[in-house]
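The values are calculated or read from the model by the stated rules, or taken from the named source; none is laboratory data. Note that the structure is predicted; figures quoted are calculated from it, not measured. Here the Cβ is made from the backbone with ideal geometry for all residues, glycine too, and neighbour counts use every protein chain on show. Calculation scope for accessible area: heavy atoms of the full protein, side chains included, ligands and nucleic acids excluded. Shrake-Rupley method; radii C 1.70, N 1.55, O 1.52, S 1.80 Å.
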Amino acid sequence: MSAQSRTNQLLYQAELLATLSAGDDEHATARQMAQEEGALALFELALESLLREVTEHARLSEHAWRILLAEDGVNLAELQRLRDLRAHPESWLHWLVAQLERLHSDDGAARRTAHNPAMIAVGSPVNLRKQLLDNLQAAKREIGALRETSLEW
């Protein structure tokens, strides 16, 4: 399987996991949290696969996103483009890195939703599943453009 095919496969699997129904039994909340965190983990694998893919010509020995997307990371146009994207607060990559930091923390990324009828809702926070799907779509669009740039090299 090519690096591009693997990236596509991981993005597809993350999307599939994020769209699965959690059901409505006593394990539904735990199942939804597992699906959300599993989809995030697949999204992280897809990011590293993408980094391997777009830096193929540089023959790098390391493909960890924390290393390659660090400000003092390898100086490649594709990586700088991704670093710039990561720095933009509205970008999918900025969102993903923040979620991955949460995923790797002791608290995890998924949250239980409070179902307390006595509480007054002041706003409706966008759930992680919706954010995942939105950011997966944004990533796919950006990855297409990044691949075109990478092919020019």
Problem set entry | Sole residue being under 17 Å from L133 (Cβ atoms) and either touching a Gly at 6+ places or on another chain (Cβ under 7 Å) or among the aromatic types (F, W, Y) (or both), chosen from L17, L93, L40 | L17
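Okay, residues lined up against (1) hydrophobic (A, V, I, L, M, F, W, C); (2) touching a strand residue (DSSP E or B) at 6+ places or on another chain (Cβ under 9 Å); (3) in a loop (DSSP other than H, G, I, E, B):
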| site | (1), (2), (3) |
| --- | --- |
| Q9 | no, no, no |
| L17 | yes, no, no |
| G38 | no, no, no |
| L42 | yes, no, no |
| E48 | no, no, no |
| E53 | no, no, no |
| E62 | no, no, yes |
| D72 | no, no, yes |
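When you scan region 88-101, do you find a residue that is under 22 Å from S2 (Cβ atoms), in a helix (DSSP H, G or I), at pLDDT 90 or above and open to solvent by less than 10 Å² (accessible area, probe 1.4 Å), even just one?
Scanning region 88-101, I find no residue that is under 22 Å from S2 (Cβ atoms), in a helix (DSSP H, G or I), at pLDDT 90 or above and open to solvent by less than 10 Å² (accessible area, probe 1.4 Å), so the answer is no.
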Exercise. Can you find a residue in region 56-64 that is buried (at least 16 other Cβ atoms within 10 Å of the Cβ) and modelled with pLDDT of 90 or more?
Worked result: no
Exercise. If we scan region 123-136, do we find a residue that is open to solvent by 70 Å² or more (accessible area, probe 1.4 Å), part of a helix (DSSP H, G or I) and either at pLDDT 95 or above or within 19 Å of N8 (Cα to Cα) (or both)?
Worked result: yes
Exercise. For G23, are the conditions met, namely being under 17 Å from N127 (Cα atoms), in a loop (DSSP other than H, G, I, E, B) and either small (G, A, S) or under 15 Å from the mean Cα position of the chain (by Cα) (or both)?
Worked result: yes
Problem set entry | Qualifying positions in region 23-44 - among the hydrophobic types (A, V, I, L, M, F, W, C) and buried (at least 18 other Cβ atoms within 10 Å of the Cβ) | M33, A39, L40, L42, F43
Problem set entry | Single residue of L51, L16 found to be surrounded by 15 or more Cβ atoms within 10 Å (Cβ to Cβ) and within 28 Å of H88 (Cα to Cα) | L51
For this session: Considering only residues that are modelled with pLDDT under 90 and open to solvent by less than 50 Å² (accessible area, probe 1.4 Å), look in region 65-80 and name the one that is farthest from T7 (Cα to Cα).
Result: G73
